[in-house]
Amino acid sequence: MFKWFGKVNFSPYTKVTGFAQYLKDGLLMGSRCKECGTQSFPPRADCENCMSPEFDFFEMSGKCTLHTYTKIVAAPTGFEDVAPYIVGVVDLEEGGRALAWIGETIKEDELEIGMDIQVVPRIFEELEEIKVYYSLEKPGTTWSKTDSAR
Ligand SMILES: [Zn+2]
């Protein structure tokens, strides 16, 4: 019932594949530029500030507040089968913003701009592909592997 990074064309992908591996382990990671210290989420291969390609991963708390949200009724190609759904943009505690689906722990009528949210990494493993994503959940929601297919 969900998307994964392959589907949303996460890029530049090749230099930040470690990000997906961390998600697989339930860790939400940002990137920190080795040259100027600029932190980015999602991780960037090239610094948005100084364009340096050198970076380290650092773990993020996933704590954030809801910046805005919208209900998608007319879904883009590839997502028609799951509409309607709600996506939110959150302001992360460590800086930066994330766009993700609102998870099942938050009901539509509970959504309020500025409310506390937790970014929760999730994973599907199927054959050769590793599919990871994260959703926006109530604070305190813990990640657990799911083995139910779709
Ligand atoms: Zn930099």
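If only residues of region 21-46 that are within 9 Å of the ligand (Cβ to nearest atom) and among the hydrophobic types (A, V, I, L, M, F, W, C) are counted, the one that is nearest to GLU94 (Cα to Cα) is CYS33.
The criterion of being closer than 24 Å to PHE19 by Cβ and either within 16 Å of the ligand (Cβ to nearest atom) or part of a helix (DSSP H, G or I) (or both) holds for ASP56.
You will find that of LEU92, LEU136, LEU99, the residue that is surrounded by fewer than 16 Cβ atoms within 10 Å (Cβ to Cβ), under 12 Å from the mean Cα position of the chain (by Cα) and among the aliphatic types (A, V, I, L, M) is LEU99 and no other. Close Cβ contacts (under 6 Å, 6 or more residues apart or on different chains) running from residues in region 34-51 that are closer than 22 Å to ALA20 by Cβ and among the hydrophobic types (A, V, I, L, M, F, W, C) to residues that are assigned to a loop (DSSP other than H, G, I, E, B) and more than 7 Å from the ligand (Cβ to nearest atom) comprise PHE41/GLY96; ALA45/PRO12.
Just so you know, all these numbers are worked out from the coordinates, no wet-lab data involved. What you see is a predicted model, and the numbers here were worked out from it, not measured in a lab. Neighbour counts run over all protein chains shown; Cβ positions are idealised from the backbone, glycine included.
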